[in-house]
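In what follows, a structure is listed as structure tokens, so that the remarks can point back to it.
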Amino acid sequence: MKGKTLVLATGLLVACALVGFAAAFGLAAKAGAGTTSPAQTTVPPTTSTEPPPTQPPIEPSPAPPTPAPIAFGVTVGGVRVGGLMPFRASKAVAKVYAQPLRLVVDEARSIELEPGALGARANVPKAIRRARVARPGAIVPLDVDVSQARVRRYVERLGDGVDREALDARIVLEGLKPRAVEAQVGRHLKRLAAGRSIRTALAVNRRAPIRLPFDLQKPKVRTAKLDEAIVIMRASNKLLFFDHAKYDRSFGVATGQSAYPTPLGDYEIVTLQRDPWWYPPPSPWAKDSQPVPPGPGNPLGTRWMGLSAPYVGIHGTPDAASIGYSASHGCIRMRIPDAEWLFQHVEVGTPVFIISR
């Protein structure tokens, strides 16, 4: 019994020893398989690829801030932009600045002047940048570039177009009919004052009408009363008489011959003489003549109505056969009864129009 027990114990010990040996052999085999001998070692290539450098992470750029509206009550160049977004404020200011200036010449005439015509430029972006950081109710100026030289040249051209001379009241002829024309006050544009007003309006963005300043020149004759008037038709040898601008009657006359034509133009009666003397005028045709006293042989008849044209007048003539022809030395001859009638109906200052018809 003891012998069997000893044999069994010995067998168990041997079995355990074998198992331990096998395990140790297996571990050694694994170690040998993972270890390469110097002869079997593969030499790596001399160039080696280094790993790329590590880039810092790219952070996303922040989103642009959302524009805020301009503070309430802010004005730019007089334009209310409070509560508006900047781009809308820019459009509002630019629109107002582009409006034309209105230059008032007189009650019947005005002129519109575009700012761009003078090269005026408003710096709207700069003003809006100021407005964005301005406090409520702030007044932001609008910087404007205005060329003084261009304004001066414009005002000179403007003055040439609106200046006018003073005109006396007068009687004019329209066709064959006299008409009274009122006096016209003369005016001369004040260039310096007008230029200063235009530059100021552009600089401060003001569009109120600008009344142009003038130096006024008063006419010498302010009224013209149309009572009587005479129209002499040279080619037709007729004299038309108008009473209070209305045709009254006509007379046959004799006018100047071709060598001494009756002058055309607008004149007036400057002298009235009954039973006049005739004095020879300084003209070659009368160089050997002597003065003639009043009487039947006087070439002026019984009445003389001298005109503002030198040595020319309306008078009677003893030579009634010359009426209807160009026969005189420049004067207007009438039959003696006709001249006496006309003499009674005219006065010094009566207008006389001599036309070619």
Q | Single residue of the range 109-129 satisfying the filter (more than 16 Å from the chain's Cα centre (by Cα) and free of Cβ contacts under 8 Å to residues at least 24 places away in the same chain) that is nearest to Arg206 (Cα to Cα) | A | Asn123
Q: Find the residue count for the range 180-228, including only residues that are among the small types (Gly, Ala, Ser), at pLDDT 95 or above, surrounded by 15 or more Cβ atoms within 10 Å (Cβ to Cβ) and more than 16 Å from the chain's Cα centre (by Cα).
A: 1
**Q.** Cβ-Cβ under 9 Å pairs, at least 6 apart or on other chains, the range 314-327 side at negative phi and free of Cβ contacts under 8 Å to residues at least 40 places away in the same chain, far side part of a strand (DSSP E or B) and of a type in the set (Val, Ile, Thr)
**A.** His315/Ile332
Q) What is the residue count in the range 269-306 for residues that are outside any loop (DSSP other than H, G, I, E, B) and touching a Pro at 6+ places or on another chain (Cβ under 7 Å)? A) 4
Q. Across the range 145-160, which residue is surrounded by the most Cβ atoms within 10 Å (Cβ to Cβ) among those that are of a type outside the set (Lys, Arg) and modelled with pLDDT of 95 or more?
A. Val155
Q) Does Gly330 fit the bill of being on the phi > 0 side of the Ramachandran plot and in contact with a helix residue (DSSP H, G or I) (Cβ under 8 Å, 6 or more places away or on another chain)? A) no
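Residues checked against (1) within 13 Å of Val140 (Cβ to Cβ); (2) in a helix (DSSP H, G or I):
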{"position": "Gly83", "(1), (2)": "no, no"}
{"position": "Phe87", "(1), (2)": "no, yes"}
{"position": "Lys91", "(1), (2)": "no, yes"}
{"position": "Lys95", "(1), (2)": "no, yes"}
{"position": "Gln99", "(1), (2)": "no, no"}
{"position": "Val105", "(1), (2)": "no, no"}
{"position": "Ile111", "(1), (2)": "no, no"}
{"position": "Ala117", "(1), (2)": "no, yes"}
{"position": "Ala127", "(1), (2)": "yes, yes"}
Q.
Restricting to the range 92-138, name every residue that is over 30 Å from Phe214 (Cα atoms) and not aliphatic (A, V, I, L, M).
A. Lys95, Asn123, Pro125, Lys126, Arg129, Arg130, Arg132, Arg135, Pro136, Gly137
Q) Does the range 67-112 hold any residues that are touching a strand residue (DSSP E or B) at 6+ places or on another chain (Cβ under 6 Å) and buried (at least 19 other Cβ atoms within 10 Å of the Cβ), and which are they? A) Thr75, Val76, Val93, Tyr97, Leu101, Leu103
Q) If you go through the range 319-333 one residue at a time, do you hit one that is in contact with a Lys or Arg (Cβ under 9 Å, 6 or more places away or on another chain), crowded, with 20+ Cβ neighbours inside 10 Å, modelled with pLDDT of 95 or more and hydroxyl-bearing (Ser, Thr, Tyr)? A) no
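The values are calculated or read from the model by the stated rules, or taken from the named source; none is laboratory data. What you see is a predicted model; the values in this text were computed from it and never measured. Don't worry about glycine lacking a Cβ; one is built from the backbone with ideal geometry, like all the others, and counts go over all protein chains shown.
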